[in-house]
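A.B. asks: Pasting in a structure now, in structure tokens, and then I'll have a few things to ask.
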Amino acid sequence: MTDLAHPEFVPDASLSREEMEALQYEVAETAIFEDAFDFDAESVRAEATDEEQTHLPTGDETPTTDESPVVVGVDQAFIDDLAVSALVASRDGEVVERVHAAVETEIPYIPGLLSFREGTAILRAFEKLTVSPDLAVVDGSGRIHFRQAGIATHIGVMLDLPTVGVAKNLLCGELRDPPQGHMDAGERVPVVANSRVSAPDGTVIGYALQSRQYPNPEKRHINPLYVSSGHRVSAETTADLVWQLCAGYKLPEPTRRADAYADDVKETVDT
């Protein structure tokens, strides 16, 4: 996968902070925060994750013609200043391809500007992908972002690929009607824009999704994920898709697998 739908949005670490933020506003204006995809959303699912059920194609095999959507998990790891982007593509919960790319970072971590630090490595990894993705699940925020253009939105718009963001912490916005106590697995609460977000106050920009919970959360509990539209997926469908992709763990299978793969390839990357 090599073609960029919007090469003008490729992250440039040499830009000033003001120029980076201005570019993000343009990305957000281009983004589609509603459902605009061709696959059946209900067919996106996570199956058994045992290693013996994982299948990686070899060059001697005939490519599959299965019409089920290909879901790509995207996660990052770091070796000093080297960003290692790991992509794991799955169909019906079965791994069909894994690729990675390592790129030297040029700027430090700055909240809200993650794509300018990590975006180049992610794009390089997508260039190596031979299967055609239908959906990307990115470790990071999408529309839950100060300028509505988190790393999931930035990547999704550049590739014009349906994309969702899955974050462990709430970057901005606030919960509408916060729950009293801890949520049960499967529960969700809208995240709405406030004064820190460029969207009008009260706009639903994502969801707090309880992907997993312990039987007695008052004694031991798991915090929710914060999921949001990256591009061409609505907030509501994002929450549905992430929930469908969970398989008993806190993280959905695509990013959980990408996280594990990123840790594996760190051992093989030359620094």
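The values are calculated or read from the model by the stated rules, or taken from the named source; none is laboratory data. As the structure is a prediction and not an experimental result, all values here were calculated from the model. FYI the Cβ positions are ideal-geometry reconstructions off the backbone, even for glycines, and counts take in every protein chain you see.
A.B. asks: For residues that are crowded, with 18+ Cβ neighbours inside 10 Å and not β-branched (Val, Ile, Thr), scanning just region 199-211, find the one that is farthest from Pro252 (Cα to Cα).
C.D. replies: If we take residues in region 199-211 being crowded, with 18+ Cβ neighbours inside 10 Å and not β-branched (Val, Ile, Thr), then Ala199 is farthest from Pro252 (Cα to Cα).
A.B. asks: While we're on this one: Just one of (1) at pLDDT 95 or above; (2) not in a strand (DSSP E or B) trips up Ala89, so point out which.
C.D. replies: (2)
A.B. asks: Regarding Ala28, is this residue touching a Leu at 6+ places or on another chain (Cβ under 6 Å) and either within 21 Å of Gly206 (Cα to Cα) or at pLDDT below 95 (or both)?
C.D. replies: So Ala28 does not fit the description; no.
A.B. asks: Quick check on region 3-39: of everything there that is part of a helix (DSSP H, G or I) and β-branched (Val, Ile, Thr), which residue is surrounded by the most Cβ atoms within 10 Å (Cβ to Cβ)?
C.D. replies: Val27
A.B. asks: Which of the residues belonging to region 198-224 are in contact (Cβ under 8 Å) with a residue 40 or more places away in the chain, touching a strand residue (DSSP E or B) at 6+ places or on another chain (Cβ under 7 Å) and more than 19 Å from Val157 (Cα to Cα)?
C.D. replies: Ser211, Pro224
A.B. asks: Considering each of Val227, Val233, Val242 in turn, give the residue that is crowded, with 24+ Cβ neighbours inside 10 Å, touching a residue at least 60 places away in the same chain (Cβ under 8 Å) and in a loop (DSSP other than H, G, I, E, B).
C.D. replies: Going through Val227, Val233, Val242 in turn, just one is crowded, with 24+ Cβ neighbours inside 10 Å, touching a residue at least 60 places away in the same chain (Cβ under 8 Å) and in a loop (DSSP other than H, G, I, E, B): Val233.
A.B. asks: Hey, Pro179 hits all of (1) in a loop (DSSP other than H, G, I, E, B); (2) surrounded by fewer than 20 Cβ atoms within 10 Å (Cβ to Cβ); (3) within 17 Å of the chain's Cα centre (by Cα) but one; which does it fall short on?
C.D. replies: Checking Pro179 against (1) in a loop (DSSP other than H, G, I, E, B); (2) surrounded by fewer than 20 Cβ atoms within 10 Å (Cβ to Cβ); (3) within 17 Å of the chain's Cα centre (by Cα), the one that fails is (3).
A.B. asks: Let me ask something else. Mind counting the residues in region 204-224 that are outside any loop (DSSP other than H, G, I, E, B) and touching a Phe, Trp or Tyr at 6+ places or on another chain (Cβ under 9 Å)?
C.D. replies: Count: 5.
A.B. asks: In region 121-153, which residues are closer than 21 Å to Ser68 by Cα and part of a loop (DSSP other than H, G, I, E, B)?
C.D. replies: Hits for region 121-153 are Leu129, Thr130, Val131, Ser132, Pro133, Asp134.
A.B. asks: Mind checking which residues of region 97-111 are under 24 Å from Val242 (Cα atoms), surrounded by fewer than 21 Cβ atoms within 10 Å (Cβ to Cβ) and without any contact (Cβ under 8 Å) to a residue 60 or more places away in the chain?
C.D. replies: Result: Glu97, single match.
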